[in-house]
1. May I ask you to derive the relative contact order of region 213-362, considering only C-alpha pairs under 8 Å and at least 6 residues apart, and to give it as an integer percent?
2. Calculate the length of the line joining the C-alpha centroid of region 302-374 to that of region 26-89, in whole Å.
3. Counting DSSP beta bridges with both partners in the chain, what percentage is antiparallel, nearest 5?
4. Take the Cα coordinates of region 213-362, assign each an equal point scatterer, and use the Debye formula without solvent to give log10 I(q)/I(0) at q = 0.10, 0.15 Å⁻¹.
5. Please list the equivalent ellipsoid semi-axes of region 174-236, computed as the square roots of five times the alpha-carbon gyration tensor eigenvalues, in descending order and whole angstrom.
6. What FRET efficiency would be calculated for the residue pair residue 302, residue 78, taking the C-beta separation as r and a Förster radius of 25 Å, to the nearest 0.05?
7. From the helices alone, meaning DSSP H stretches of at least four residues, give me the mean residue ellipticity at 222 nm for the chain, per-run term -39500 (n - 2.57), in deg cm²/dmol to the nearest 500.
8. Quick check on the exposure proxy: order 33, 217 from fewest to most C-beta atoms within 10 angstrom.
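Derivation of every value follows stated rules applied to the coordinates shown; laboratory data play no part. What you see is a predicted model; the values in this text were computed from it and never measured. Cβ coordinates were reconstructed from backbone atoms using ideal geometry, including for glycine residues, and neighbour counts include every protein chain displayed.
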Ligand code: DP6
């Protein structure tokens with residue numbers, strides 16, 4: 001499979017207008033993507049839990065226009081026009097135009113909303129870019145196949161790996177981690193020798209049977225710092241070029257993905273904790289050893305980590321943490337520990353969060369078509 005497989009044949013249908021709405025979740029990586037090559041090709045494979053509650057809903061309305069010379073679109077967040085978002089979407093459209101040659105034929109209205117607060121420090125790029133990619137794929141599907149009867153896009157999508165693969169491929173070109181948000185409950189992105197079907201071009205569902213202990217795994221996101229990040233992920237990825245430890249890190253991530261694939265099947269939570277926490281701290285160690293160097297953790301991030309370690313030592317709990325590219329802490333734990341861990345979070349960790357805020361989430365199963373109108 002190459003990029004060229006995603007360049008469509010001529011469209012057989014002509015559509016004047018319509019709209020699609022998709023909701024797509026965020027995800028949290030267990031083995032982290034940090035460092036990329038040209039065209040959003042990851043330097044190493046990664047694996048994530050798909051989330052359930054933290055998601056973006058995007059409606060894409062389209063109307064045929066008289067010319068096809070340039071992109072034409074407006075973006076709204078929670079009903080408010082957001083011209084500030086346009087340049088990111090324009091960049092995305094430029095990257096994907098060769099794969100979606102209809103983009104200049106229509107004026108698009110993109111209306112989006114997140115279930116999590118916009119300024120929560122939770123990145124909306126994974127859920128937002130995957131939702132937009134799915135809306136665009138729904139348009140393409142109509143242009144290729146014509147109107148499908150009844151609840152069809154969802155149905156045919158199940159039988160149509162191309163739809164989901166290309167949506168993931170397009171989402172990746174918007175934001176790398178977005179390609180892991182379309183399905184659940186575990187998604188691998190990046191070629192890995194032990195994961196059949198894995199690809200640098202799109203995310204694939206973890207292909208093995210997962211141990212019951214990971215079913216409905218919980219993720220409570222502690223909102224430590226809701227401010228704008230000092231260094232964006234894209235800048236951080238670029239700092240892996242020429243980074244003194246980069247090659248070792250990429251090798252380690254390959255090894256860790258092989259190891260976690262076994263852990264997920266066998267259900268050894270002690271090994272899971274050691275690998276996941278080490279991945280989180282390694283990610284931040286890469287940031288601290290970049291040139292220029294930077295630190296995204298805050299004092300309260302470290303306070304929380306220490307509290308989790310102490311709680312685990314005292315109680316034998318299997319709770320652990322991971323971090324994304326920011327100060328917030330994802331607290332991961334098995335469903336059967338939910339009552340005890342939530343009590344621990346409320347009593348001992350919420351005080352380290354901005355305004356005491358945290359979001360309870362759990363593993364989810366991916367994006368959903370909400371509405372279609374033609
Ligand atoms: C630390 O996907 O946000 O969350 O591809 O430049 O948009 P771009 O970066 P992004 O990077 C995410 C990095 C991470 C780890 C991960 O999700 O694997």
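1. 45 percent
2. 25 Å
3. The answer is about 90 percent antiparallel.
4. At q = 0.10, 0.15 Å⁻¹ the computed log10 ratios are -0.37, -0.83.
5. 26, 20, 9
6. Numbers: r = 34 Å, r/R0 = 1.35.
Computed FRET efficiency for residue 302 and residue 78: 0.15.
7. -10500 deg cm²/dmol
8. Working: 33 23, 217 18.
Sorted ascending by nearby Cβ count, the order is 217, 33.
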